[in-house]
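Scroll down for the structure; my scribbles are underneath it.
The values are calculated or read from the model by the stated rules, or taken from the named source; none is laboratory data. This structure is a prediction, so every number in the text was calculated from the model and none was measured. A quick note on method: Cβ atoms are made from the backbone with ideal geometry, for glycine too, and the neighbour counts reach across all protein chains shown. Keep in mind that these areas ignore ligands, DNA and RNA; they rest on the heavy atoms of the full protein, side chains included. Shrake-Rupley method; radii C 1.70, N 1.55, O 1.52, S 1.80 Å.
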Amino acid sequence: SGEQRWEFEPAGYLSSAPALVDGTLYFGTWGKQFYALDAESGDVLWNKEIGHRFGSSSPAVVDGTVYVGSYGDGPLVVSGSEDEEEFEAPAMFALDAESGEIQWRYEQFGDRSQIGSSTAVADGRVYFGAEETVYALASGTGDEVWTRNVPSHPDSSPAVVDGTVYYGGPTLSDSGPPAQLTALDAASGDTNWTADLEDISLRSSPAVADGTVYVAASSRRVC
């Protein structure tokens, strides 16, 4: 009927899709909070002050663990000189789904300012993008398995199907195609194939079904 059943106002706005698993909604906010709500009533099951702002990265919940990426939270040091400002890098978190306790965090991002990509979890690994890099981490420990620099968009998320990671975005080269779709081997990060997309811009995440990869793109001229 569209009738509202409940309403909840978190600390800080929410700009990503929540994850719904076993009757619980999981989401993070720009107010550095992460929440678990009862999906039927909207009651808070737990919330944690994480210390990082959550943007467009939607969480994935697998085997009792919540995987989600954050924005950086800089500057940490502000003075009269820009050279002395320090910016905190973003982080990928693994949280206990029952309590919200941090199981591990990965922060090896250099000066990258955000993780806009949602996570994909498959075969004991966590896959996501940050700026122009795709990452594969061990889901149990957060240890880095491999990274690959590929043409990407900060908000594009990977799709992982049958041992292949599909990822796409606009290229940065003036001499290359406007956009490119890449298929990576999920185990090694090696490139299986690339598809150049001419005359269009790719900023969205791919979807894969029945042997076909679908991407939404827009005219480069319009963009």
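Between E198 and D123, what FRET efficiency follows from the Cβ-Cβ distance if R0 is 30 Å, with the result rounded to 0.05?
Working: r = 34 Å, r/R0 = 1.12.
E(calc), rounded to 0.05, equals 0.35.
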Pairwise Cα inverse-distance average, inverted: Kirkwood Rh of the chain (Å): 18.5 Å
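Can you tell me the length gained on complete extension of the stretch V213 to E3, counting 0.36 nm per residue apart and subtracting the Cα distance?
Additional length available on full extension: 72.0 nm.
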Max mean-square fluctuation residue, GNM over the chain, Cα-Cα springs under 10 Å, options A94, A60, A39: A39
Simple spin-label estimate for E98 and E144 in nanometres, 7 Å along Cα-Cβ: 3.3 nm
Accessible carbon and sulfur surface of the chain relative to its total accessible area, %, 1.4 Å: 43 percent
Amide H partners (placed H, <5 Å) of W46, local residues excluded: A36
